[in-house]
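See below for the structure under consideration.
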Amino acid sequence: MMFKQLFTPIKIGSLTLPNRIIMGSMHTGLDHTDDPFGRLAEFYKERAQGGVSLIVTGGVSPNEEGLIAPGAMMLTEAKQVASYKLITDTVQQQGSHIIMQILHAGRYAKHDHLVAPSAIRSPINRFEPSAMTEAQILQTIDDFVNCADLAQQAGFNGIELLGSEGYLLNEFTAPRTNHRSDQWGGCLENRARFPLSIVRSIREKLGTGFFIQYRMSVLELVEDGWNIEEAQSFAQALETAGVDLINTGIGWHEASIPTIAMTVPRGAFSWATAKIKQAVNIPVAAANRINTAELAEEIIKRGDADMVYLSRPFLADPDFVLKAKQQRSQEINTCIACNQSCLDHLFNNKTVSCLVNPRACHETIYRLKPKTTRPQKIAVIGAGAAGLSFSIEAAKQGHNITLFEAAASIGGQLLLARKVPGKDEFDELLRYFQVMLDKHAVNLQLNSRVDAQQLKAAGFDAVVLASGIKPRKLTLPGSDQANVLSYEQAFNSPEKVGQRVVIIGAGGIGYDMAEFLSHHALNTDPVSEFNNNWGIDADGKQPGALLKNPAKPTKSIRDITLVQRKADKFGRTLGKTTGWIHQVELQKRGVKTLGDLSYNKIDAAGLHITQRGEAKLLPADTIVVCAGQEARDDLADSLVSTFKALYRIGGVNEVRELDAAKAISDAQQLAYQLN
């Protein structure tokens with residue numbers, strides 16, 4: 001596909017850009033590593049080499065109060081400039097531009113001396129802020145100007161002011177968090193005074209040649225947020241104050257509506273960006289759940305935005321822009337918005353990575369190597385996530401790879417994951433794997449079961465066992481009844497599942513199964529369905545863009561009960577940043593949960609349990625077993641005795657819940673270690 005709109009040059013302020021794609025700001029966790037500036041430089045370098053024309057760094061605080069957490073990055077003194085210059089020099093040597101995001105965390109800061117417009121604690125932060133005094137407000141404006149000045153000295157082409165997602169600048173503009181009665185609160189003009197003063201002061205200090213981008217909140221998605229008319233008025237004020245480009249942020253971190261997870265339809269919020277574009281004459285960028293070049297082209301073509309602001313897609317593929325420009329979009333490793341290795345890692349105090357690209361943010365650790373001068377002939381058994389990932393990476397290095405798969409198609413457990421409502425983005429990963437297998441000449445053998453002697457006779461130097469996992473069977477009286485299905489059977493034959501269902505096991509697979517069996521497709525526009533489901537005002541006219549009377553949720557077509565033996569809180573093992581979404585969805589559909597019990601037996605009537613000493617029957621037409629996995633390691637013993645070079649990766653090496661991130665990461669690490 002020709003991406004005419006994406007690759008039409010644009011002049012914004014002092015910058016002339018060859019394409020309409022901005023690499024957006026991301027928290028990476030690299031600021032907490034031993035070599036933050038060196039690793040960030042390499043991270044940005046690969047994206048610059050991949051064709052990104054404008055990069056926005058992760059947030060840098062203008063003072064200590066604004067730090068998102070102790071040890072985070074800030075720029076307050078001239079002696080720090082040299083460190084940041086390592087980043088700008090590296091990126092600009094590749095022909096790209098880079099701007100620094102200035103982030104003051106406000107009441108989201110994870111430390112004791114946080115500040116905010118008013119002393120109102122965030123529901124997602126245990127620290128309570130103090131209300132800023134007039135003197136503190138004026139000093140903070142000076143701190144922003146100082147930070148921008150130092151950024152210019154460090155070689156940055158400009159700055160982005162983060163005024164969305166509920167951080168300090170956004171806290172001033174929103175009635176939700178600004179209860180002041182002085183000139184900094186009350187009417188919109190007063191609430192906007194603080195951020196606009198910062199913009200005007202930076203422009204006055206650094207002149208028209210310094211690029212200023214503002215990420216403003218468009219849809220707040222929280223109570224007492226502003227509506228779209230106020231957002232438009234603020235956008236116009238930003239233009240008057242001297243902003244060169246407006247980047248549209250969606251939702252606050254504390255909002256009870258998902259904005260960047262896989263369950264959010266692609267491009268779900270570009271309609272809101274369009275309303276800002278209608279109100280101003282400066283360029284506007286759309287953000288959130290834009291993960292393909294085709295969608296980016298469409299958004300710009302229909303006039304919703306002038307540019308697109310993509311963040312996690314550049315974790316997934318640093319060459320996103322280059323591949324799109326060369327009409328190789330099928331080769332783009334697409335962000336699937338799983339949050340598993342990016343946001344979940346960040347909130348667990350780990351360095352960010354990417355499920356589909358484990359090298360992301362680890363470029364200095366897993367360096368790309370030239371093709372080997374000693375290619376090996378390697379057999380890989382199993383075309384699930386681990387086997388596919390290893391095969392592709394090893395083939396890139398010049399090894400001769402044959403991939404054996406017993407089934408008729410690639411994918412393994414990914415074929416089940418893609419069936420879960422809201423997880424169809426896994427189709428993109430499967431598409432990418434197939435394209436890469438073909439591109440790197442992996443010899444794929446489907447419908448092929450092999451044994452150790454066949455592999456030995458074929459002259460393989462090494463074998464990689466990636467045969468994956470299978471559902472663990474219950475050792476429970478009656479578990480062989482016809483009304484008992486494994487999760488594989490239920491996913492593959494939902495027509496066999498009855499009206500009353502008990503799901504045994506409340507881990508990730510149990511929740512996925514409950515989603516799968518309770519979902520009722522409405523066959524409507526995905527964005528409209530999403531807005532109705534989550535109570536979003538599609539016109540943005542209500543405060544916070546929240547409907548006053550949201551539609552009642554669609555109940556499950558089945559009576560479903562999710563059970564677990566443990567007394568633990570349900571959903572404890574789900575993703576840190578996505579688990580709540582699954583729980584809310586199931587609650588809306590009427591799925592019941594029951595824990596702290598023991599299983600007695602299964603019969604035609606259902607599941608017999610004991611809970612708190614009382615025997616009970618859970619009536620069920622179908623029992624679906626989601627109670628763990630075991631390795632598919634039938635070949636392991638014979639391979640050990642036949643091959644010295646035998647490697648196990650994925651579930652066959654370490655049995656755990658379905659974990660594509662771990663499987664892909666382990667597979668690629670093994671490929672990097674090959675001679």
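Structure notes:
- Qualifying residue in the stretch 574-588 (condition: hydroxyl-bearing (Ser, Thr, Tyr) and exposed (fewer than 14 other Cβ atoms within 10 Å of the Cβ)): no
- Taking the listed residues Tyr511, Tyr599, the one that is at pLDDT 90 or above, among the aromatic types (Phe, Trp, Tyr) and in a strand (DSSP E or B) is Tyr599, with no other qualifying.
- Considering residues of the stretch 632-657 that are among the hydrophobic types (A, V, I, L, M, F, W, C) and touching a helix residue (DSSP H, G or I) at 6+ places or on another chain (Cβ under 6 Å) only, the residue farthest from Ala394 (Cα to Cα): Leu639
- Meets criteria (within 14 Å of Tyr511 (Cβ to Cβ) and in contact with a strand residue (DSSP E or B) (Cβ under 9 Å, 6 or more places away or on another chain)) for Val625: no
- Residue match in the stretch 123-133 (condition: over 20 Å from Ile246 (Cβ atoms) and buried (at least 20 other Cβ atoms within 10 Å of the Cβ)): yes
- Set Lys456, Lys496: member being over 28 Å from the mean Cα position of the chain (by Cα), basic (Lys, Arg) and in the same structural domain as Ile560 (by TED's automatic domain parsing): Lys496
Yes or no, residue by residue, for (1) more than 22 Å from the chain's Cα centre (by Cα); (2) of a type in the set (A, V, I, L, M):
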{"residue": "Ala337", "(1), (2)": "no, yes"}
{"residue": "Ser353", "(1), (2)": "no, no"}
{"residue": "Cys361", "(1), (2)": "no, no"}
{"residue": "Ala395", "(1), (2)": "yes, yes"}
{"residue": "Leu403", "(1), (2)": "yes, yes"}
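- Number of positions in the stretch 38-74 that are of a type in the set (Val, Ile, Thr), under 23 Å from Met132 (Cβ atoms) and out of contact with any Cys (no Cβ under 8 Å at 6 or more places or on another chain): 1
- Residue within the stretch 134-151 that is part of a loop (DSSP other than H, G, I, E, B), buried (at least 19 other Cβ atoms within 10 Å of the Cβ) and in contact (Cβ under 8 Å) with a residue 60 or more places away in the chain present: no
Residues checked against (1) surrounded by 24 or more Cβ atoms within 10 Å (Cβ to Cβ); (2) hydrophobic (A, V, I, L, M, F, W, C); (3) within 13 Å of Thr248 (Cα to Cα):
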site: Ala287; (1), (2), (3): yes, yes, yes
site: Ala296; (1), (2), (3): yes, yes, no
site: Asp306; (1), (2), (3): no, no, yes
site: Cys335; (1), (2), (3): yes, yes, no
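- Within the stretch 70-93, the set of residues being among the small types (Gly, Ala, Ser) and surrounded by fewer than 15 Cβ atoms within 10 Å (Cβ to Cβ) comprises Gly71, Ala78, Ala82.
- Qualifying residues in the stretch 628-660 (those that are touching a residue at least 24 places away in the same chain (Cβ under 8 Å), part of a helix (DSSP H, G or I) and among the β-branched types (Val, Ile, Thr)) - the one surrounded by the most Cβ atoms within 10 Å (Cβ to Cβ): Val652
- The one condition from (1) touching a Phe, Trp or Tyr at 6+ places or on another chain (Cβ under 7 Å); (2) buried (at least 24 other Cβ atoms within 10 Å of the Cβ) that Ala383 does not meet is (1).
- Qualifying residue in the stretch 172-185 (condition: without any contact (Cβ under 8 Å) to a residue 24 or more places away in the chain and surrounded by fewer than 22 Cβ atoms within 10 Å (Cβ to Cβ)): yes
- Residue in the stretch 362-384 that is of a type outside the set (Ser, Thr, Tyr), assigned by TED's automatic domain parsing to the domain that holds Ile649 and in a helix (DSSP H, G or I) present: no
- Checking each residue in the stretch 1-29 for being touching a residue at least 60 places away in the same chain (Cβ under 8 Å), more than 21 Å from Glu331 (Cα to Cα) and polar (S, T, N, Q) picks out Ser14, Ser25, Thr28.
- Search result, residues across the stretch 605-627 that are assigned to a loop (DSSP other than H, G, I, E, B) and either within 20 Å of Ile560 (Cβ to Cβ) or touching a Pro at 6+ places or on another chain (Cβ under 8 Å) (or both): Ala605, Ala620, Asp621, Cys626, Ala627
- The set of residues in the stretch 434-475 that are touching a residue at least 40 places away in the same chain (Cβ under 8 Å) and under 16 Å from Gln629 (Cα atoms) comprises Ala466, Ser467, Gly468, Ile469, Lys470, Pro471, Arg472, Lys473, Leu474.
- First in the stretch 100-114 and in the same structural domain as Gln213 (by TED's automatic domain parsing) and hydrophobic (A, V, I, L, M, F, W, C), second anywhere and surrounded by fewer than 21 Cβ atoms within 10 Å (Cβ to Cβ) and not in a loop (DSSP other than H, G, I, E, B), Cβ under 8 Å, 6 or more apart: Leu114/Ser130
- Options Arg203, Arg312: the member that is assigned by TED's automatic domain parsing to the domain that holds Pro18, buried (at least 19 other Cβ atoms within 10 Å of the Cβ) and of a type in the set (Lys, Arg): Arg312
- The listed residues are Ser25, Ser14, Ser96, and the only one of them that is under 24 Å from Gly207 (Cβ atoms) and at pLDDT below 95 turns out to be Ser14.
- Criterion applied to Leu86, Leu40 was being in contact with an Asp or Glu (Cβ under 8 Å, 6 or more places away or on another chain) and either closer than 24 Å to Ile198 by Cα or assigned to a helix (DSSP H, G or I) (or both), and the one residue passing it is Leu40.
- Enumeration of residues in the stretch 469-499 that are among the charged types (D, E, K, R) and under 30 Å from Cys338 (Cα atoms): Lys470, Arg472, Lys473, Glu488, Glu495, Lys496
- Test set (1) free of Cβ contacts under 8 Å to residues at least 60 places away in the same chain; (2) farther than 30 Å from His253 by Cβ - Gln330 fails condition number: (1)
- For the stretch 8-28, a residue qualifies if it is surrounded by 20 or more Cβ atoms within 10 Å (Cβ to Cβ) and part of a loop (DSSP other than H, G, I, E, B), and the qualifying residues are Asn19, Arg20, Gly24, Ser25, Met26, Thr28.
- Residue match in the stretch 526-539 (condition: more than 27 Å from the chain's Cα centre (by Cα), free of Cβ contacts under 8 Å to residues at least 12 places away in the same chain and not assigned by TED's automatic domain parsing to the domain that holds Gly507): no
- Matching residues, the stretch 560-573, being of a type in the set (A, V, I, L, M, F, W, C), surrounded by 14 or more Cβ atoms within 10 Å (Cβ to Cβ) and either out of contact with any Gly (no Cβ under 9 Å at 6 or more places or on another chain) or not in a strand (DSSP E or B) (or both): Phe570
The values are calculated or read from the model by the stated rules, or taken from the named source; none is laboratory data. For clarity, every value in this text was computed on a predicted model and none was experimentally measured. Heads up, the Cβs are rebuilt from the backbone with ideal geometry, glycines too, and the neighbour counts pull from every protein chain shown.
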